[in-house]
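Structure record follows, encoded as structure tokens.
Readers should treat all values here as calculations from the given coordinates under stated rules, not as data from a laboratory. For clarity, every value in this text was computed on a predicted model and none was experimentally measured. FYI the Cβ positions are ideal-geometry reconstructions off the backbone, even for glycines, and counts take in every protein chain you see.
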Amino acid sequence: MRYRIWRAAAAGMAFLGALAPVVRADAIDDYLRAEMAARKIPGLALAVVRADRIERTGAYGYADVENGAAVSDSSLFAIASTDKELTAAVC
């Protein structure tokens, strides 16, 4: 059930983004902040790229919770072993 709601919200966001770019920025910020709180995500960096053009970047939350360091555009994130699956998918 939760997955369907998330998927519907993502589809709605995409639709709103197609209609009005001004609405998209506020809606994305609100959505990301709500999901971070609900899922206890400490921080994330975002890049929206369309047709080889960066449309939006953002940094939310903390890169280092213990020291209170905020996420920035140069933050590095540990992805554990998920890089293996991504590499396998690309090859």
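Any chance you could count how many residues in the stretch 41-61 are closer than 9 Å to Val71 by Cα and either exposed (fewer than 14 other Cβ atoms within 10 Å of the Cβ) or touching a Pro at 6+ places or on another chain (Cβ under 6 Å) (or both)?
Residues meeting the conditions: 1.
I need the full set of residues from the stretch 31-80 which are in a helix (DSSP H, G or I) and acidic (Asp, Glu), in order please.
Scanning the stretch 31-80 gives a single hit, Glu35.
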